[in-house]
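Report on the structure given below.
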Amino acid sequence: MERNRTGPGSRAPRPGGREADAWREFGALLRHWRRRAGLTQAQLGAGLGYDHTAVSKIEHGARRVTPRTADRAEELLRAGGELRAACLRAERAGLPALDPLAPGLLRAPLPDGPLPPAGSGAAQDTGRAAPLHPPGRLPDYGLLCPLHDAEGCDVPGPAEVAALHAEFCEADPDAAAPLDADTAHALAARLAAQLRAGETGGRPGLVVAVERTLRAVLARLAVAPAAQRRPLARLAAEHAHAAGALRMQDGRNATAMACFDRALSWAELAGDQATSVGTLSDLSTLARLDGDPATALGYAREIARAAPGRHWAGAMGRIGRARAHALTGDVRGTLRHIDRARQHVEHIGTRDEADAPWLTIASMRMRVEAAAAAALRDLAAAVDDPRLARRALAAAETALELLGPAQLPASRLLFTVRVADCHACAHDPQAALDLLRPALEAGPVTGLPALVGYELRGLRERLAAAR
């Protein structure tokens, strides 16, 4: 029931201006279709979860509604899409105007090299990539809807998602219609499906497809009215972050860095805290892989500033700082930040879930414990302390248990290698060999995510030193 709702979904439009006019237009349309259906305000309110006074306020433009409520009114009144469209216009009218965009924000992160056409074998990674299965709702795979944020929304069916994506990418930006809700949902859902497919291989073809969509988003952003820039900037940020993550998985750190740097700019423009935090975390990881703990620490410190007062961001920032301190052998700093990260996880609540509704305490705890295991493992290796390695082992096993048997195969492999490495750092190489002997005896493994390969190399070196 939405009768007692408070917050942005039910606030009154600001008096005067385009937003108030747009909500009065919506109210007039709602009254027209209600009367056409032969319903009283009380009868319509019962179907929407409101009382008749709330319906009266809506019809007079004194109260806004959520897109979900507009969709419900569509179903009840059979308004032919008019109420949904009017709600979208009113939402856009309420967006603040933005200053003119700097030219640098309209350039793709990487040069405009020739890309294969959308249906080519290269774009599909020569057929190795699994078919895309877009989710039925957003948020999904860490991606929020660029229009509805944490509230969530339904996604068109798979065939319609593909058609809307193709139409968006092929349209002339100067002559294209404004970004509509179905297209925004389709673009975000397709990206979520691409990231999920990246867990099982086929990354080169996926990154080509993601970057092609990013360029189409930037072309639309260049000519978009101010009210449309924010959702397009969020789409740009999410696609640039995804392109960087896919490149990082393949060990292409320089190009990943370029994508992440631009993703931060677009996320700031869109007010997208989730993408900002995820990108800063990945930048800290890249610095660690380059053996630069000072830069890794700097990026980790920025995470809390990107989402102040949010425990989920605080946990990610603290665990990033722990990993940077571990590389330098700073026992006190590493343990302090691990403890602070765990404290943040214990305080995650509804405010955090409003920023990232895909977030759960279990998923955040899994991330923190996996990173704590890596930090403690690195620390144990730096100071040669088996006790720290045994603490790392406990954290790694906890993360593996929280992951679940059928989730994220690349992450499961990474955590398994990390457990074995913790055994090696605890001066128990036999346990490490017993856990990973089949993979180690098979020789070099190709096609693994770069982070898995990085950890395998460290494990091999430690096992070789123990002989």
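Where a number appears in this text, it was derived from the coordinates with a stated rule and is not lab data. Here the structure is a predicted model, which is why all the values come from computation and not from measurement. Heads up, the Cβs are rebuilt from the backbone with ideal geometry, glycines too, and the neighbour counts pull from every protein chain shown.
Summary of computed values
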{"quantity": "FRET efficiency estimate (nearest 0.05) - Cβ-Cβ, GLU461 to ARG301, R0 51 angstrom", "calculated": "0.95"}
{"quantity": "Net charge of neighbours whose Cβ lies under 10 Å from the Cβ of HIS325, counting Lys and Arg as +1 and Asp and Glu as -1", "calculated": "+2"}
{"quantity": "Rg/Rh for the stretch 249-390, where both radii come from Cα atoms and Rh is the Kirkwood radius", "calculated": "0.97"}
{"quantity": "Charged-residue dipole, Cβ positions (Lys, Arg, Asp, Glu), the stretch 17-93 about Cα centre, Debye nearest 20", "calculated": "80 debye"}
{"quantity": "Size of electric dipole in the stretch 233-287: Cβ of Lys, Arg +1 and of Asp, Glu -1, about Cα centre, debye, nearest 20", "calculated": "120 debye"}
{"quantity": "Charge dipole (the stretch 162-311, unit charges on Cβ, about Cα centre) - positive-most of THR183, LEU289, VAL207", "calculated": "LEU289"}
{"quantity": "Cβ-based exposure ranking for SER284, SER411, SER276, SER363, in which fewest neighbours within 10 Å come first", "calculated": "SER363, SER411, SER276, SER284"}
